[in-house]
Each structure stands twice: as C-alpha cells, then as structure tokens.
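Peer 1: Attaching a single structure in structure tokens format; questions to follow.
The values are calculated or read from the model by the stated rules, or taken from the named source; none is laboratory data. Computed from a prediction, not measured in an experiment: that's the story for all the values here. Cβ coordinates were reconstructed from backbone atoms using ideal geometry, including for glycine residues, and neighbour counts include every protein chain displayed. Accessible surface areas use protein heavy atoms only, side chains included; no ligands, DNA or RNA. Shrake-Rupley method; radii C 1.70, N 1.55, O 1.52, S 1.80 Å.
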Amino acid sequence: MISIKAVILAGGRGARLRPLTDNIPKPMAPLGGQPVLAHVITNLARAGVTDAHVALQYMPDKIRDWFGDAFGGVELHYHVDGVPRGTAGAVRDCMKFLGSEPFLVVSGDCVCDFNLGELSSFHREHEAELTVALYKTSDPTEYGAVVTDETGRITLVREKPAWERVVTDSINTGMYMVSPELLHIIPESGDFDFARDLFPLLLSEKRRFFAVELPGYWRDIGSPESYRQCAEDWENGKIRLKKRHILAGILGRDHDRQTPCFDLSLQSEPSPEFTLPGVITLKNPVSYPALLRLASSCARFRVVGVGANGSRRVCAAASLFCAGISAYGGDCVRTDAENRAISSFSARLYSFPLTVFISESQDAVVLYFRDKFGAPISREAERKILGAPAQNQIPGTLTEITGTTPAYNAWLIKQLRDIDSSAASAELLPLFSVSSDGTSVSAATESGAHLDHDRLLLLCTMLDLKLGRREFPLPPDMPECTLRLITTYGRKISAGHARGFLPWAHDARLLSLRISAYLKKRGTTLDKLHEEAPDFARTEMKIPVSHGRAEVMRALTSALGTEAAGELGLTLRPGGGVVRVCPSRAASELSVVSEASDPAAAKALAARVEAQIKQLDSADARQ
C-alpha cells in the first residue's frame, strides 16, 4: 500500500447544528460515541494515510486537545487559519508539509466509508492534476453537481444549483486527490475556494481535471436532518466503519452517549422549501413556528421590507413575520405595497436588501422574496433564508412607510419619457387586461386576436429595439424568439441578476403602458405591431418520472452532451424550434417548454422530447 499524506478541512462552525455546536466545532459532533472527525481519520488510515495536516479555525483547541499528536495510527499536525482562506487556500497553506506526491483532501465533517485508495489509484492512472470523488444523490441542490465525459474528465460543474438548473445526480463529496504542482496556482493570501474559484479555473484552462464515482456510504452532517439520518444509519449498520468503544470528553461527561443527536434540541421545525424561484408556499393552516423560522433567517439581511394584501389570515401572518424579523435583530419596514409588482418597485425605491410580499392563493399563504432590484432572489439568498437564524441578541426595529403606490405611479410615467417626452399618453388602452397582482397581462387586438403575456413581452422588446436600446438584462426564462430578435438587431443580452432585469420584464402594468404609449404616439394599432413581430408559440408540459429527477436528467445529459446545458436545465434544438427541459422544484417531474413558429409545431416538439424522457426513465433502458 502506498503511503499517502492528507489534509483534513476541519474549520467548520456548524451554525445550523446549534445548540450542539455552541461548545464544539462541527467535526466534533458525536457519532457512535466518537467525534465525526475520528471516523474520518479512521477511514484515511484504511487508505494508507500515515500523516495528516488538520486545518482548523473555529474552536481549534477542542480538536487538538481531544486528538493530540496521533489517532488511529495517523500522525496529526495542525494549522490554524487566523483569517478565513477558503477550502483551497487552507490547503495551500499546508504546502510545505505535503511534499512532492499526490495527496488527499477530505472534509472533517462528512461521514463516509469510501475506499479512498481507489481515488488515489484513479488519479495516478489518469495522470490527473485534481480528481474529485463523486456520489449519487436524489437531491443535488445542496452540493456541487458534476458532469463528466466517458473518460471521467469533468466537463461541467454547477455549485448548489436550484432544481431548474440541475442536469445530473452526481455530486462533489469534498474529497479530492491533488497533485502538488496544482498548489502553485492557488493565491498565497485571500479567500480561495475549490468549488467557487479553482474548479472554474481548471475548466477554463482545460487542465487535467477528473472525477470518479466511489461506491459506499457518504453523508454531510451540515443540517439537523442530515445529522439525525446519519446517526440512524450508523445504528442500522449502513456505514461500513469499525465500531469502537464509547470515548468520553466530546460534549462533557453529562452529555456523551451513543446517539446524542436524537436527544438534542436541533431546530425541530422542518424548514419550508422554495417551490418556485423566490417563492415559498405555506399550506393552511399556516405553521406559525415555520413562519417564525423564516423570519429569523430573514433577519440576517439586516433590513427587510414587507408588504401584504389579502384576508385576515394573510394580515396575521404578515404581522407575525414582521415581529419575528424584529425579534431576531433585523430592522423590518412594513410598506403599503398593494400587490407584487408594487412590492418589487418598493425594493428598488427603498433599496431594501430583501423584500417580502405576502398574499393568499387558494388554500395557502404565499411569500414572494425579492432582491434589491425587485427580481426573484438568487439561489444563494434562498439558501441563506433556509439556513441558520440570525444570532443578534438585541431586537431590531419595526417601522411603517406609506406613499409607495403614489411613488409607483409617478415612476411609471417616468418610464415612458423615451416614448413620449410629455408623458401625455401615460394611459392604459382598454385593449389590455392586467392581473390583480400586477405580474401578468393579456390583450385583445383591434381585430379581436388574443395576445398572451409572452407575445406582449416580444412586442415590448421590439419597440425597445426600435427606440435604440443597446443592452437587455433579461431573466433566463424569456422566450427564445425574444432573445433571437435582440441578437438579430445586434444588441447585447446580459444576465439580469448583476444589475436587475428590465423593469417591464416583471411589471405587467409597465409592459402594457409602454406598448399603449407607443401605439398612441406613433398613431398605429396593436394589430399592426403584432403583424410586424415574428410568429412563435410556446407550450409547456409536466412529465412525471419514476426515477429521481436528477437521475433522469443525468441520463438525458449523457445522451445529449454537456453542450446542451443551458442557464436552466438542458436546451435542445431539434429542427424547427427549441425545447428546454429542467426538473420541477416541488414534484418528481420534469418541465418541458417547447417553442416553435406555431402551436402545432411546438406541441409536436414537446411530444418528441416527452417520448425520449419516458424511454430514458423506463426500467428496461436503465438495466
């Protein structure tokens, strides 16, 4: 067996595991009477590791005092990061210890029984610079999703993707085999992370960057639910590690036990999920502990704007939500926004880091979370809201702001100046019908033709092109026909989240007002504008899958190639149109959106893709 050195990343605080981690770092969380880190070191010893360098940060003495200079036949050396260096930066700081041979990097708070010798062998056989150990999971949204080619070379990495961006069920376990020459491209100072910084660099430079799936058990204990499941798996013998006698001193003599996680109070209220980007739905009767848990996490944004409109149930939920934000140290500003569109405007008007609008839909209370630009919050912000609550000991403030709707109406007029400098035409034509929440619109032309929201988006884009707009920051789910029209004019399409989207992209009243103003100023009709625009039709279907959503997406990605991966799921371009496939968030199904020149062609494209998905999902095709 080849002697291998290893770096163990053990600086994790484990905020989501509080109160367990109030007095110990996350790698010291007990499992089977020992710290999780003890099982990590035991497994390293099985792979031939004789020396390990432990990178510490939070409560470093708790780990050093417990393990000493050696454990399980592995000599231990310690390095404490005074300033956070990121995962790759922490490994770079251990460079002098590592020598000239490939070495292992593992997380000190993940439980696994992989044969890490297989990772070492694969790395050497492929002459890789970095090799990632992969594991298949039914939910890859909390990890880095990794796609490889037939040789094991990595072609795509998506870090903690939302479900609509998932293209595989293979995830990065945080276990790597690294060739020492790779350390020289990691900066000597500053925060530098493997997934966030190093992986994109390796892909862009086409370095020898590989991955291999390892059989066995793996679980990150970062959340209370995952920690509980790991303890249950340990008791049921699912983890193939040698069970040792119970060792004292992890939590103190009054708390050590075989499965302490079942006896600790660990945020027992289940966390709600985002069923759509930036949207959480709470079924009636609303769980007020769940609502308070959300409020406590929102307090981490420091200042939160909250609007609401609906029944007494909605008003009660909004009042509790605002009180929760303030109780956990956030400053809550209650606005008088009447609907979602005006609430999004309030985010821009008052520069709130986070804005929440609460309304009612059938038998549920719905919360819409928006960023400072009034757009749906990012996946990173979603994870922050679903994470640990704020730790502020001093309550925040609770204030109210009025006058938002008049300010919104004045803003609408300003948005028409490029069409009509006098803004005399700031009046909605009766052709348009805007939804009560201000987010969707339809129209009937003078001849009676029905135009849906997507068609009106295209018309508004076309008139903006005529008016000379050079850049279009748009959401990724815009119709392909709209994007193609912009590129035909030689204009730029940019990602919207850096500076917000075009306001009319998510404000139906502004969208219809701009078209109304243009028609009146130019003395033309909606029929004529409609005739000028290219024809297109969209159709959407939900396809249930018997296997996991991510598993079927991996099969589809393998069949189509990484080049099909778009901003949202996979984009197929069969003759005559375009089809986008991505997993749904709330159900075991795939969403298929097809677009073509007419409805019949769009439906035919969707049917072809549906047949392909069902074939890949069938038991016979997977054997």
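Peer 1: In this structure, is GLY561 touching a Cys at 6+ places or on another chain (Cβ under 9 Å) and within 27 Å of THR148 (Cα to Cα)?
Peer 2: The answer is no for GLY561.
Peer 1: Just to be sure I understand, how many residues within the stretch 565-581 are under 20 Å from the mean Cα position of the chain (by Cα) and open to solvent by less than 10 Å² (accessible area, probe 1.4 Å)?
Peer 2: 3
Peer 1: Now for a different question. Of all residues in the stretch 415-453, which are exposed (fewer than 13 other Cβ atoms within 10 Å of the Cβ) and at pLDDT below 90?
Peer 2: Correct list: ARG417, SER421, SER422, ALA424, GLU427, PRO430.
Peer 1: What strands (runs of 3 or more DSSP E), lying completely within the stretch 135-193, carry at least 3 residues that are open to solvent by 30 Å² or more (accessible area, probe 1.4 Å)?
Peer 2: Filter on the stretch 135-193 gives 154-159.
Peer 1: If VAL106 satisfies all but one of (1) open to solvent by less than 10 Å² (accessible area, probe 1.4 Å); (2) over 21 Å from PRO30 (Cβ atoms), what's the number of the condition it fails?
Peer 2: (2)
Peer 1: Could you run through the stretch 279-308 and say how many residues are over 23 Å from LYS372 (Cβ atoms) and in a loop (DSSP other than H, G, I, E, B)?
Peer 2: Residues meeting the conditions: 4.
Peer 1: Looking only at the stretch 218-234, which residues are within 14 Å of ASP139 (Cβ to Cβ) and either open to solvent by 40 Å² or more (accessible area, probe 1.4 Å) or modelled with pLDDT under 90 (or both)?
Peer 2: ARG219, GLY222, SER223, GLU225, SER226, GLN229
Peer 1: What do you reckon, is THR50 at pLDDT 90 or above, surrounded by fewer than 19 Cβ atoms within 10 Å (Cβ to Cβ) and on the phi < 0 side of the Ramachandran plot?
Peer 2: Criteria met by THR50.
Peer 1: Quick one: what pairs do we get from the stretch 117-137, first residue in contact (Cβ under 8 Å) with a residue 40 or more places away in the chain, second buried (at least 20 other Cβ atoms within 10 Å of the Cβ) and small (Gly, Ala, Ser), C-beta under 7 Å, 6+ apart or different chains?
Peer 2: As it stands, the answer is LEU119/ALA133; THR131/ALA211; VAL132/ALA211; LEU134/SER170; LEU134/ALA211; LYS136/SER170, since those pairs meet every condition given.
Peer 1: If you scan the stretch 569-582, which residues turn out to be out of contact with any Ser or Thr (no Cβ under 6 Å at 6 or more places or on another chain) and under 21 Å from LYS136 (Cα atoms)?
Peer 2: Within the stretch 569-582, GLY569, LEU570, VAL581 qualify.
Peer 1: From the list PRO389, PRO395, pick out the single residue that is assigned to a loop (DSSP other than H, G, I, E, B) and either open to solvent by 50 Å² or more (accessible area, probe 1.4 Å) or within 20 Å of TRP504 (Cα to Cα) (or both).
Peer 2: It is PRO395.
Peer 1: Now for a different question. Looking at SER558, SER546, which one is open to solvent by 60 Å² or more (accessible area, probe 1.4 Å), in contact with a helix residue (DSSP H, G or I) (Cβ under 8 Å, 6 or more places away or on another chain), polar (S, T, N, Q) and more than 20 Å from GLU480 (Cα to Cα)?
Peer 2: Exactly one residue qualifies, and that residue is SER546.
Peer 1: When the stretch 4-23 is examined, which residues are found to be within 13 Å of LEU116 (Cβ to Cβ) and open to solvent by 10 Å² or more (accessible area, probe 1.4 Å)?
Peer 2: Hit for the stretch 4-23 is LYS5, nothing else.
Peer 1: Follow-up question, since we're still on this one. Looking at ALA375, is it crowded, with 20+ Cβ neighbours inside 10 Å, small (Gly, Ala, Ser) and either at pLDDT 95 or above or within 21 Å of GLU532 (Cα to Cα) (or both)?
Peer 2: Taking the combined requirement at face value, the residue does not satisfy it.
Peer 1: Sticking with this structure for a sec: Looking at the stretch 326-338, is at least one residue closer than 28 Å to ARG158 by Cα and of a type in the set (Lys, Arg)?
Peer 2: Checked the stretch 326-338: no residue is closer than 28 Å to ARG158 by Cα and of a type in the set (Lys, Arg).
Peer 1: Scan the stretch 490-508 residue by residue and report those that are touching a helix residue (DSSP H, G or I) at 6+ places or on another chain (Cβ under 6 Å), at pLDDT 90 or above and either open to solvent by 60 Å² or more (accessible area, probe 1.4 Å) or hydrophobic (A, V, I, L, M, F, W, C) (or both).
Peer 2: If the condition is that a residue be touching a helix residue (DSSP H, G or I) at 6+ places or on another chain (Cβ under 6 Å), at pLDDT 90 or above and either open to solvent by 60 Å² or more (accessible area, probe 1.4 Å) or hydrophobic (A, V, I, L, M, F, W, C) (or both), then no residue fits.
Peer 1: Evaluate the following for LEU526: is it without any contact (Cβ under 8 Å) to a residue 60 or more places away in the chain and surrounded by 13 or more Cβ atoms within 10 Å (Cβ to Cβ)?
Peer 2: So LEU526 does not fit the description; no.
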